[in-house]
Every structure is written in structure tokens, then in C-alpha cells.
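Here the structure is laid out as C-alpha cells; the discussion comes afterwards.
Just so it is clear, none of the values below were taken in a lab; they were calculated from the coordinates. Everything numeric here is computed off the predicted structure, so don't read it as measured data.
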Amino acid sequence: MQRIPEPELMDDATQAKAYAEADFGEANTLFQNLFRDYFPSHRPRRILDLGCGPGDITLAFARRFPDSQVIGIDGAEAMLAIARHRLAAQPLLRQRAQFRRHRLPDPALAPGYDTLICNSLLHHLADPGVLWQEIQRLGTPGAAVLVMDLFRPASKRQALALVERHAAEAPAVLRRDFFNSLCAAYREDEIRRQLEETGLGHFRVARVSDRHLAVHGRLN
Ligand SMILES: C[S@@+](CC[C@H](N)C(=O)[O-])C[C@H]1O[C@@H](n2cnc3c(N)ncnc32)[C@H](O)[C@@H]1O
């Protein structure tokens, strides 16, 4: 199936609210477990979460690494408003976590992060090179990088089957977004090419579920 792009930003308040209220516990836990398995001895100090959305993973990393400062960035104010609301309810994290509006690529976003994490942003980008170039610019040498995203199934039929398997009970808006995201996602071979083209060919790409790929490595 050819890639069918979807809009980059999730800036519609209804869409952001539906996304924030959905249960992504399985994928979010998978993301955290992958980070633990890929970087068992890494002690993050400055973490950047690219395309943080409502901030669930950002805040989970802040809780998990009490010596870290964590910044979540997103281009969509509707998502950031939800993320800031969630942070406000967790007083112990307020000194160490922040959510800021940046639409990638953004030279105003200053570099210097030893840990870069990103879940479910890549498939939104019309130019996927933007993510890999920004990761290289923003990370310090040796920085740990974990990017997870959906991969595009072979057909719309397979995409529909995944929606049925994983979101049968979800509201219509979420089922539609999930289907559109599967159709917009990049395939494993496309991601490998993107990495080669941006000097990150040493990163590893792996299928980690029936719909997710994970890319990880350390910056040179
Ligand atoms: C599917 S959500 C994922 C949110 C979060 N990472 C998670 O795992 O729940 C993708 C997010 O990427 C944001 N986004 C898309 N394109 C972006 C860009 N060019 N710069 C910054 N954020 C972007 C969207 O606004 C949206 O909040």
C-alpha cells in the first residue's frame, strides 16, 4: 500500500482530548521496557521527548529517573494544554518536567540532551528526515535515542484488521485516527533508508509488536 499522509499536528481540541483519554498503556509500557532493555546502564540527566502529545511518556520518564530534567515538546497547543494540566497534578515533578511548544524542525530548540525519546511522531512527518536531523542536532555525543512508531501494513484490509484487533471498543474518532496513522506510517525498509541518508545507519531497527517498530542507538 502507498503511504497516505495525515496532517502533522494534532491541534484540534476534540481530537487531542480523545487521544489523551484513550488507553495507550500497552504501547507506553512497551516503550519504557524497550528503553530499559536497550540502555540498561544509562542514567539520563537531560531527556527530550519529541512530539510528546499529552505527556504520558514524558511524565513516566520523569518519575523513573529522579535525577533527570525532562522536556516534552510538541507543535500542537491542544496537546500541550493537556500535558501541562497533567503535570500540574503531580507537584513532585513540577521542578523537573516542562512542556514547550516547538514545531520541528525548530532552530530555537537548543541542543544538549543525553537522552532523546519519541513515540508515534515519525508517521506524522511529511519529511521524515526532519526527525533524524533534529535528533542529531539536539543530542550530545553518545546520547541514547529511542524512537518507536507504527509501521505501514501491506494493505488497507490489514490496517482495518489491526484496528479491529486493538481498538474494537474505542470511540469512532480514535478508530479513524488509528487507521489513518497506520496508512501514514513508514515501512521498515523506508526507515532504514532514512537512517542511512542522515548518517544514522548504525541505529538498529526492530519489529517489537504486530504494529510497532523501534529504532534505537547512540549518537556518534
Ligand atoms: C500520535 S501523537 C503521539 C504523542 C505522544 N508521543 C504519545 O506517545 O502519546 C503525535 C504528536 O506529534 C505532534 N507533532 C506532529 N508533527 C510535529 C512536528 N513537526 N513538531 C512537533 N510536534 C509534532 C502532534 O501534534 C502530536 O501531538
**Study point:** Convex hull volume of the stretch 80-202 per residue (C-alpha atoms, cubic angstrom)
**Key:** 146
Exercise for review: For GLU169 and ARG204, compute 0.36 nm times the residue count separating them, minus their Cα-Cα distance, and round to one decimal in nm.
Suggested key: 9.2 nm
Review point. If only Cα atoms are counted, what is the Rg of the chain, and what is its Dmax, in Å?
Key: 16.4, 47
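How large is the Kirkwood hydrodynamic radius of the stretch 151-204, in angstrom, based on all distinct alpha carbon pairs?
12.4
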Review point. Given N residues in the stretch 1-64, what is Rg(Cα) / (2.2 N^0.38 Å)?
Key: 1.36
Exercise for review: Multiply the residue separation of GLN90 and MET1 by 0.36 nm, subtract the distance between their alpha-carbon atoms, and state the gained length in nm to one decimal.
Suggested key: 27.7 nm
Point to revise | In Hz, Karplus ³J(HN,Hα) per residue of the stretch 105-111 (6.51, -1.76, 1.60; θ = phi - 60°; x = Gly, Pro) | key: x, 9, x, 6, 7, 7, x
Check your understanding: What value, in deg cm²/dmol to 500, does the helix sum -39500 (n - 2.57) over DSSP H runs of n ≥ 4 give at 222 nm once divided by the residues of the chain?
Key -> -12500 deg cm²/dmol
